[in-house]
Amino acid sequence: MSTTPAPKALRGLGNYIDDRFHLAKTGEKNLRKVFPNHWSFMLGEIALYSFIILLVTGVFLTLWFNPSMGHVVYDGSYERLRGVGMSEAYASTLHITFDVRGGLFIRQVHHWAALIFVASLVIHMLRVFFTGAFRKPREINWLIGVAIFTLAIVEGLFGYSLPDDLPSGMGVRIFQGVLLAIPVIGTYLMMFMFGGEFPGEAIIPRLYTLHILVIPGILLALIVAHFMILWHQKHTQYPGTGRTEKKVVGTPMYPAFAVKAGGFFFFTFAVIAGLAAFVQINPIHLFGPFTPTSITSGLQPDWYMGFLEGALRIFPNWFDFTIAGYAVPMGVLLPGLGGMGLLFGGLAAWPFIEAWITGDKRHHNVADRPRNAPTRTGIGAAGVTAYGLIWLAGSNDILSETFSISLYATTWFFRIAIILGPIIAFIVTKRICLGLQRRDREILEHGYESGTIQQLPSGEFIEVHKESSPDTVHVLQSKPPARIDIDSTDENGVEPPSGRGAKGRLRARLAHWYTKDNVSFEGVRPHSGHHLHHGATASEEESVKAH
Amino acid sequence: MTDNNTNHDSGAGAEGPDRVIGTPSPAGESLAGATATAHERRHEGPYPAVETHPRPEEMQRKGEKLAALWFLVAFLAGIGFFVSYFSFPPNAEGEPAIADPQTAQYANMLMGGTIALALFAIGAGMTVWARRVMPHYEVSSPYDELPSSPEEKGSFSDFFMQGAHESGFTKRPLMRRTLLLAMVPLGLAPIVLLRDTGPLPGDKLKHTMWEDGMRMVVEGTDRLIRASDLDEVGGMVTALPESHDPEHGLSLNDQAKTVVLLIKMDPADFSDEMTQQQLDWTHDGIVAYSKICTHVGCPAALYEQTSHRILCPCHQSTFDAANGAKVVFGPAHRALPQLPVRVDDEGYLVAAGDFSSAVGPTFWDAEKGD
């Protein structure tokens, strides 16, 4: 197929590059890369785009920000704080806000982009979790994703701490308190981290180095690795006509996806810029500089720290103990570090736990519909509920004030809800999934309810069921087998070695629990139009088909 | 690799009646399908005709106009950004200056609003381009078979082990082990180099600068406190030690450790559970506790006089001021340290020593003596 030849300049450039890198074939292959179409695949894109925005706006802010805890008396443009003693970090943040044109805007873009970055990471991760896209061969990319999520939260906390305003200093104080709680080495870690006692003069310069160099560097490397792996393994796709475990269907990188993704980048940036323009965020000039002796009530961290804040609030002191006079404040350790460990450890371990339970060693390119993995979906819903409740508990003083409830009552509510909520969420979600599975089987077997009522010659009224579209049939038939045959015996009646012993029995039990309620589609044949119970004649079915 | 959705493949060729050119050919890239030939005749696109669904010419024409309109909006909004940037000089250059918070807000809305509009318009134009002008593609491409063939794996494995063997790494254990040994100190060196990032804790965290006879001032001022200043029962004052360096005042480090809540209550309200020593540390109903919460170190700044409760607004640890600041609710474990107070010859309130225990968040040896 011949087309217009490339312009001379472009050909020259192409040849120049190809002479040196031999890229024609690789280049074409990569430009032909297919991206499956689904809105949920854009969540990761939002994360990528907000990260790019963070890098660019962050560089701008470093041009003026002075990461020093040196004491100065402010005499800048902002009248209300003139003559007030503060750190140079805080003073330079005021300078960016009130003396640098566009400084306030870029600060707000940076902050909003950070919130949206972490939010889109979380939602992207939930999508991958609920659709089973983390399964073989993509477990390693899942682990990289968990690492990105972890670092993003730490990066956000450190960035929030830099302006040295009152709430940010309090965040550093809490960080210091959690460090101190670590048995044996806590005081050493804290002294080394802070260069002495709290607050000292070292912590902001050190957090600054971590925030603008070390962590973004690692994040960038991890994001690049995430993309290279994704590019190499290709995306998962949802079930549909023509989409199989061996073939991906979607929009090619060049020219269509590049334009679509470019447009989406501008949309993402526009939303963040719009928020930064019209929705005030972190007005540090209203908070005043940090002093270790003052605080305001109703302090709220950035949203992604809310779950830690909530955990610290509702976790009781009942488990604190002392060994030979040495204190182990579990009330700080468990929520402060255990909560993080549980969240990130659980996320990282899940693909391997699930693969162990199900014994599934196959490659998966077609994503699960969440209903078809009801136990996983239920566990995910339980996790989301637990996270959401702890996150809300981080605002229990606001809830208490807004709804005029006793503060301690809110604490008790969350202490109980955090145990009951996830259990209820698991059961309800799993039941919903199973109900959807039954409906799927119904539709597959009998077609969908057309809403047309027909009177038979006998006088009986029936509702006409119509045949689902081939695409629907395809999607419904993509359901994996209901049960895992894990405790099967070989032809001699001997159980497999993996089934023996305590570990094997545990695994068999878990596998049973994992799949026992699944609705079997075995033997279900797609609706063919000859079911007696709805009485539609074959000729009517034909007319439906033709339509 | 096993494929548990084998029924996909059988269904792939079944094109839906409403998808005449919508379904990718079952044969993938090799376009032998008879359905393709009709469309393929004059097709000059980069992808096979069955995978390319061009938009109607009318739609493309309108799409071009609409996209161009969006791009023009973006251009004008971009110009608008420059106008708004130069309309708001920084303070030195006169009015309306962004040094005024209200003006800064307006400037922010104008600058941010124009930029957001420009970005949005570019995004909208590109989306119109992709959805109205460019064909809709549904290209299929095979997933790569990920595991290598047994031959490739075997070849690699042989190659690798032969190389390891020939290099001597496996055959010469002395050399290998000494190399690994040599790495250990070098690996530890960076950790050791971090030693001077801070001092050792020693007993620094257990003591503060408070000592017997030290006067106190109201936090944020230089006003010395007399016992009579707290005469009103139920009063609460945040206090710091008097600084002898009037120019710089107390360092933040010292403030963070020494800050106290002075609370005046009816001496009869003190709980029976308080020890005689704790009562001796009070003066005429005035009791002093560290303001730094023993949970994770926020200032426990709220005091309710009717119930004598001190509340930390961060995580809501609650302490009973009438009972040695014992924890009555919340995550904190230790009571707030008590500062012994007395009155000196001139009637000023002074400390009678250091705190009863370590100030601030609980740490490993917080409850150990020196």
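So for each of A:317-326, B:117-126 I average, over its residues, the number of other beta carbons within 10 Å; can you give me the resulting order with the highest mean first?
Values: A:317-326: 12.8, B:117-126: 22.3.
Packing proxy ranking, top to bottom: B:117-126, A:317-326.
Report the charge-dipole magnitude of the range B:62-214 in Debye, nearest 20, computed about the Cα centre from +1 at each Lys and Arg Cβ and -1 at each Asp and Glu Cβ.
400 debye
Need one number: convex hull volume per residue for the range B:36-195, Cα atoms only, in Å³. Spell out each step's value before the answer.
Working: hull volume 47.7 nm³, N = 160.
In the range B:36-195, the Cα hull volume divided by residue count equals 298 Å³.
Averaged across A:193-200, how many Cβ atoms of other chains sit within 10 Å of each residue's Cβ atom? Mind showing how you got there, number by number?
On the way: counts 3, 3, 4, 6, 12, 9, 5, 5.
For peptide A:193-200, the averaged partner shielding equals 6.
At q = 0.10 Å⁻¹, what is the base-10 log of I(q)/I(0) for chain B according to the Debye formula with one equal point scatterer per Cα and no solvent? Please give it to two decimals.
-0.85
For helix A:103-130, what angle does its Cα long axis make with the longest principal axis of chain A, in degrees from 0 to 90 and rounded to 10?
30 degrees
Given the convex hull over the Cα atoms of the protein assembly as shown, what projected area results after averaging over all orientations, in nm²? Let's see the in-between values first.
Numbers: hull surface 217.5 nm².
In nm², the orientation-averaged hull projection of the protein assembly as shown is 54.4.
Using every Cα-Cα pair within the range A:30-106, state what percent have a distance larger than 21 Å. List each step's numbers first, then the result.
Values: 1437 of 2926 pairs.
Tail fraction, whole percent: 49.
Given charges of +1 on the Cβ of Lys and Arg and -1 on the Cβ of Asp and Glu, with all other atoms neutral, how large is the dipole of the range A:30-303 about its Cα centre, in debye to the nearest 20?
1520 debye
Antiparallel as a % of all DSSP beta bridges within chain A, to the nearest 5?
Numbers: 16 of 17 bridges.
DSSP beta bridges in chain A are roughly 95 percent antiparallel.
Would you mind computing, in nm to one decimal, how far apart the modelled labels at A:ARG439 and B:ARG55 are, each placed 7 Å from Cα along Cα→Cβ?
3.5 nm
What number in nm² do you get for the range A:259-359 if you take the convex hull of its Cα atoms and divide its surface by four?
Details: hull surface 54.3 nm².
With every direction weighted equally, the projected area is 13.6 nm².
I need the peptides B:186-193, A:332-339 ranked by packing, meaning the mean over residues of other C-beta atoms within 10 angstrom, with the highest value on top. Write out the running numbers ahead of the final one.
Values: B:186-193: 8.8, A:332-339: 21.0.
Those peptides, ordered most packed to least, come out A:332-339, B:186-193.
Once every Cα of the range A:369-479 carries one equal point scatterer and solvent is ignored, give the base-10 log of I(q)/I(0) from the Debye formula at q = 0.14, 0.16, 0.24 Å⁻¹, two decimals.
-0.73, -0.80, -1.16
Among A:271-281, A:374-384, how do they line up by average Cβ neighbours within 10 Å per residue, starting with the highest?
Details: A:271-281: 19.6, A:374-384: 21.3.
Result, highest mean Cβ count within 10 Å first: A:374-384, A:271-281.
If I take R0 = 60 Å and measure r between the Cβ atoms of A:ALA221 and B:GLU304 in this structure, what FRET efficiency does the formula 1/(1 + (r/R0)^6) give, to the nearest 0.05?
Values: r = 52 Å, r/R0 = 0.86.
For R0 = 60 Å, the calculated efficiency reads 0.70.
Averaged over its residues, how many other protein chain Cβ atoms are within 10 Å of peptide B:141-154's Cβ atoms? Spell out each step's value before the answer.
Details: counts 10, 6, 15, 4, 2, 6, 2, 0, 0, 0, 0, 0, 0, 0.
So the per-residue partner count for this stretch is 3.
Quick one: A:SER77, A:SER478, fewest Cβ neighbours within 10 Å first, how do they rank? Working shown, then result.
Details: A:SER77 20, A:SER478 24.
Ascending number of Cβ neighbours within 10 Å: A:SER77, A:SER478.
To the nearest 20 Debye, how big is the dipole of the protein assembly as shown about its Cα centre, given +1 on the beta carbon of each Lys and Arg and -1 on that of each Asp and Glu?
Working: 73 positive and 90 negative charges, 724 e Å.
Here the size comes out at about 3480 debye.
For B:353-365, what's the mean count of beta carbons from other chains sitting within 10 Å of each residue's beta carbon?
Numbers: counts 0, 0, 0, 0, 0, 1, 0, 7, 13, 12, 13, 15, 6.
Mean inter-chain Cβ contacts per residue within 10 Å come to 5.
In the range B:205-351, if every C-alpha pair distance is counted and binned at 10 Å from zero, what percent goes to each bin?
Pairs per bin, as whole percents: 12, 44, 36, 8, 0.
Run the reach check for B:LYS368 against lysines, Cα to Cα strictly under 25 Å, same-chain hits fewer than 8 apart removed. What comes back?
Straight-distance partners of B:LYS368: B:LYS204, B:LYS206, B:LYS257, B:LYS291, B:LYS326.
How much mean residue ellipticity at 222 nm does the protein assembly as shown get from its helices, if each DSSP H run of length 4 or more adds -39500 (n - 2.57) and you divide by all residues, to the nearest 500 deg cm²/dmol?
Numbers: 29 runs with 437 residues, N = 917.
Result for the protein assembly as shown: -15500 deg cm²/dmol, rounded to the nearest 500.
Going by alpha carbons, how many degrees (0 to 90, nearest 10) lie between the helix axis of B:57-87 and the longest principal axis of chain B?
On a 0 to 90 degree scale, this one is about 30.
Give the average over all directions of the projected area of the C-alpha convex hull of the range B:118-186, one decimal, in nm². Let's see the in-between values first.
Details: hull surface 48.7 nm².
Result: 12.2 nm².
In nm, give the distance between the simple-model label positions of A:ILE281 and A:TYR448, each being 7 Å from the Cα along the Cα-to-Cβ direction.
3.9 nm
In nm, give the distance between the simple-model label positions of A:SER458 and A:ILE405, each being 7 Å from the Cα along the Cα-to-Cβ direction.
5.7 nm
What is the helix-to-structure angle for B:101-128, meaning the angle in degrees between its Cα long axis and the longest Cα principal axis of chain B, kept from 0 to 90 and rounded to the nearest 10?
20 degrees
Please report A:LEU506, A:LEU207 as a ranked list, fewest other C-beta atoms within 10 angstrom at the top and most at the bottom. Mind showing how you got there, number by number?
Numbers: A:LEU506 11, A:LEU207 22.
Fewest to most other Cβ atoms nearby, the residues stand as A:LEU506, A:LEU207.
Between B:ASP269 and B:HIS248, how high is the FRET efficiency from 1/(1 + (r/R0)^6) when r is the Cβ-Cβ distance and R₀ = 51 Å? Nearest 0.05. Walk me through the numbers on the way to the answer.
Details: r = 39 Å, r/R0 = 0.77.
With R0 = 51 Å, the Cβ-Cβ based efficiency is 0.85.
R0 = 41 Å: FRET efficiency of B:LYS171 with A:TRP303, Cβ-based, nearest 0.05? Each step should come with its number before you reach the end.
Details: r = 58 Å, r/R0 = 1.42.
Plugging the Cβ-Cβ distance into 1/(1 + (r/R0)^6) gives 0.10.
Taking 24 Å as the cut-off for C-alpha to C-alpha distance, list the pairs among A:LYS247/A:LYS466; A:LYS260/A:LYS479; A:LYS29/A:LYS479; A:LYS33/A:LYS136; A:LYS136/B:LYS153 that go past it. If you can, show how the numbers build up before the last one.
Working: A:LYS247/A:LYS466 30 Å; A:LYS260/A:LYS479 31 Å; A:LYS29/A:LYS479 32 Å; A:LYS33/A:LYS136 21 Å; A:LYS136/B:LYS153 19 Å.
Where the Cα-Cα span goes over 24 Å, the pairs concerned are A:LYS247/A:LYS466; A:LYS260/A:LYS479; A:LYS29/A:LYS479.
Read-outs: derived from the displayed coordinates by stated rules, not from any lab. Fair warning: this is a prediction, and the values are worked out from it, not measured in the lab. Note: ideal-geometry Cβ built from the backbone for every residue, glycine included; neighbour counts use all protein chains shown.
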